[in-house]
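The values are calculated or read from the model by the stated rules, or taken from the named source; none is laboratory data. Quantities reported herein were computed from a predicted structural model and do not represent experimental measurements. So basically every Cβ, Gly included, is an ideal-geometry build from the backbone, and we count neighbours across all protein chains shown. When the accessible area is computed, the model is the full protein with side chains, heavy atoms only, and any ligands, DNA or RNA have been set aside. Shrake-Rupley method; radii C 1.70, N 1.55, O 1.52, S 1.80 Å.
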Amino acid sequence: MVFSIEKRVFHFKQPAGTSRGIYTTRTSWMVHVTDAAWPGREGVGECAPLPQLSCDDLPDYEVVLRDMCDKVERLGEIPHDMLNPYPSMRFGLETALLSLRNGHVLFDTPFARGEEGITINGLVWMGTFDEMLRRIEEKIEQGFGCVKLKIGAIDFENELQLIKGIRQRFGAGDIQLRVDANGAFSPAEAMDRLCQLAAYDIHSIEQPIRQQQWQDMARLCETSPIPIALDEELIGVNTPEAKGQLLDAIRPAYLVLKPSLHGGMRGCEEWIRMARERGIGSWVTSALESNVGLNAIAQFTAHVYGRHISLPQGLGTGLLFTDNVESPLYIKNDKIWLKPQHDDA
């Protein structure tokens, strides 16, 4: 088994705004693996930490990744305990080995065979009032039944007016609205803002306050008129014991899981199982990976949830880059599909 690493920089078609700043480029490290046991076949995975957010956003990222690849070469398998602190590396290595061994169909599911699609939400990035309104209208025209709005970058009153305008035109029966605050609210103001948002039939809000404020987040989850989903809160929580402590302390309604941030496929599968045991829902989203990572995340989602995915997933990011890699994924109305492919080997 031999690994090589390729650094890639992808360019956004339009700046992607979050409450933490604006992305114009995205850096990924592609890991390629070959093995004499599978002649003529190459596995590829994407390692893509998010700057200033991932727990493995390291200045010497490629050096550590090379070391992890060397360990997998020697062991012939992924040393999961060693990779707990490096979720984006684990996800890339998991994908590379799955694609080496299984080819295009990482997991044998109706989705991977092109027989079923996965319902997804339309994503509307932060921007000016007019930009966001135009993007929302585009998503609704494209057939999305669930739209997720990034909030926290423009004035909150303007965001409320935007949401009010959507609801005046489209009722809760027409379009489901999710909002993602990315920790933009302070604990002191959060409940008032949640109550104002609740007037517009919001399905859920992701991470209303910044992570690592467990007591404040638990209070909000208990009393909020809008179900709260955790996202950034899960970053760096890597052991079953720590995961159980967080879930029991905060008791959110949902988890929003990103393999590159939350422990790779193995870590997300553990989050999903532990959440189910506590009656907590979840869905999976991408974390601005290229189509290599997005393809793996979509196939993983179909595998881990089975045939009955009850909530729209966050997998509609494949058109973000001007220079993305080719992909068998495509979106039709509000579902993502995988074109069937055939392996030569």
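For the stretch 70-125, the share of accessible area belonging to carbon and sulfur comes to 46 percent (1.4 Å probe, ligands and nucleic acids excluded). Normalising the average separation of contacting C-alpha pairs (under 8 angstrom, six or more residues apart) by the number of residues puts the relative contact order of the stretch 117-159 at 50 percent.
So if I place +1 on the C-beta of Lys and Arg and -1 on the C-beta of Asp and Glu, and nothing else carries charge, what would the dipole magnitude of the stretch 115-170 be about its Cα centre? I want it in debye, nearest 20.
Numbers: 8 positive and 10 negative charges, 34 e Å.
With Lys and Arg at +1 and Asp and Glu at -1, about 160 debye.
Once C-alpha pairs closer than 8 Å and six or more residues apart are averaged by separation and normalised to the residue number of the chain, the relative contact order reads 21 percent. What do you get for the angle between helix 156-169 and the principal long axis of the chain? Use alpha-carbon atoms, 0 to 90 degrees, nearest ten. Once rounded, the angle reads 90 degrees.
Shape of the stretch 2-58 from its Cα gyration tensor (a ≥ b ≥ c, root eigenvalues): rounded if a/c is under 1.5, otherwise prolate when a/b > b/c, or oblate? Note, shape of the stretch 2-58 comes out prolate.
Charging the Cβ of each Asp and Glu at -1 and of each Lys and Arg at +1, and nothing else, the dipole of the stretch 9-112 about its Cα centre rounds to 380 debye. Computed from Cα positions, the angle between helix 129-141 and the longest principal axis of the chain comes to roughly 70 degrees. Of the residues Gln299, Met274, Ile331, the one whose Cα sits farthest towards the positive end of the charge dipole of the stretch 255-345 is Met274 (charges of +1 on Lys and Arg Cβ, -1 on Asp and Glu Cβ, taken about the Cα centre).
A 1.4 Å probe run over the protein chains yields, for the chain, 42 Å² of accessible area per residue, whole-number rounding. For the chain, the mean residue ellipticity at 222 nm estimated from helices alone is -11500 deg cm²/dmol, where every DSSP H run of n ≥ 4 contributes -39500 (n - 2.57) and the total is divided by all residues, rounded to the nearest 500. For Asp231, Asp67, Asp334, Asp192, the ranking by accessible surface with the largest value first comes to Asp192, Asp67, Asp334, Asp231, using a 1.4 Å probe. Taking a ≥ b ≥ c as the square roots of the eigenvalues of the alpha carbon gyration tensor, the stretch 27-147 is oblate, as a/c is not under 1.5 and a/b does not beat b/c. On the stretch 229-336, 47 percent of the accessible area sits on carbon and sulfur atoms, based on a 1.4 Å probe.
Rounded to the nearest 10 degrees, the inclination of helix 61-75 to the longest alpha-carbon principal axis of the chain is 50 degrees.
For Lys13, the lysines whose Cα falls under 23 Å of its own Cα, not counting residues fewer than eight places away in the same chain, are Lys139, Lys148, Lys150, Lys258, Lys332, Lys335. For the chain, the antiparallel share of DSSP beta bridges with both residues in that region comes to about 55%.
What separates the Cα centres of the stretch 10-78 and the stretch 124-178 is a distance of 32 Å.
Anisotropy class assigned to the chain is prolate, per the alpha carbon gyration tensor with a/c at or over the 1.5 cut-off and a/b larger than b/c. Per-residue accessible area (protein heavy atoms, 1.4 Å probe) orders Cys146, Cys221, Cys195 as Cys195, Cys221, Cys146, starting from the largest.
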